[in-house]
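One structure is given here, and the rest of the page talks about it.
The values are calculated or read from the model by the stated rules, or taken from the named source; none is laboratory data. Note that the structure is predicted; figures quoted are calculated from it, not measured. A quick note on method: Cβ atoms are made from the backbone with ideal geometry, for glycine too, and the neighbour counts reach across all protein chains shown.
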Amino acid sequence: MKEDEDIKIVSKNRKAFHDFHILEQYEAGIVLTGTEVKSVRQANVNLKDSYATIKNSEVFLLNAHISPYKQGGIFNHDPTRERKLLLHRKEIDKLTSKIKERGFTLIPLKVYLKRGRVKIELGLARGKREYDKRADIAKKDIDREIRRVMKLKIRY
């Protein structure tokens, strides 16, 4: 993503980076109803436990929770319905081949507004093993300790 574009991050899937190795990232549009767009603009999105799948050469987002819009009334939507994602044909074909042959998964990483449109960033991911997660936590602890010691040395 370019820095000069008007981008407002609405929601991030922090759990995805803990549970998966993210190998590639793709930007996709998402098909939403009017009340869903208004709810997304109010940051009422939860990407935890959500994933994307490919059916009939189309990509769909599953288990993403977009809360009902408070002023929606009878026009409100189902919070966890299946939502279609918009990608180029070449990207879909590439993702289809990778998912079938290597056991990768499509995980939503974040939802953001780009020039007034709702976009979703998908990550082509492979699940981490338990020892990978422990190693990442240990590395973060060491980095935090190094920063703390360096901060103390700068003070004195």
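If you filter segment 56-108 down to residues that are of a type in the set (Gly, Ala, Ser) and within 23 Å of Arg14 (Cα to Cα), you find that the one that is surrounded by the most Cβ atoms within 10 Å (Cβ to Cβ) is Ala64.
For segment 10-17, the count of residues that are charged (D, E, K, R), at pLDDT below 90, in a helix (DSSP H, G or I) and buried (at least 16 other Cβ atoms within 10 Å of the Cβ) is zero. Pro79 - would you say it is touching a residue at least 12 places away in the same chain (Cβ under 8 Å), assigned to a loop (DSSP other than H, G, I, E, B) and touching a strand residue (DSSP E or B) at 6+ places or on another chain (Cβ under 9 Å)? Taking the combined requirement at face value, the residue satisfies it. Within segment 64-75, residues that are touching a residue at least 60 places away in the same chain (Cβ under 8 Å) and basic (Lys, Arg) have Cβ atoms under 9 Å from residues that are exposed (fewer than 15 other Cβ atoms within 10 Å of the Cβ) and part of a loop (DSSP other than H, G, I, E, B) in no pair, counting only partners at least 6 apart in sequence or on another chain. Taking the criterion of being in contact (Cβ under 8 Å) with a residue 12 or more places away in the chain and of a type in the set (Ser, Thr, Tyr), the residues of segment 101-156 that qualify are Thr105, Tyr112. In this structure, does Tyr131 turn out to be among the aromatic types (Phe, Trp, Tyr), within 30 Å of Thr35 (Cα to Cα) and not in a loop (DSSP other than H, G, I, E, B)? No.
When segment 25-36 is limited to residues that are within 19 Å of Leu122 (Cβ to Cβ) and modelled with pLDDT under 90, the one that is surrounded by the most Cβ atoms within 10 Å (Cβ to Cβ) turns out to be Glu36.
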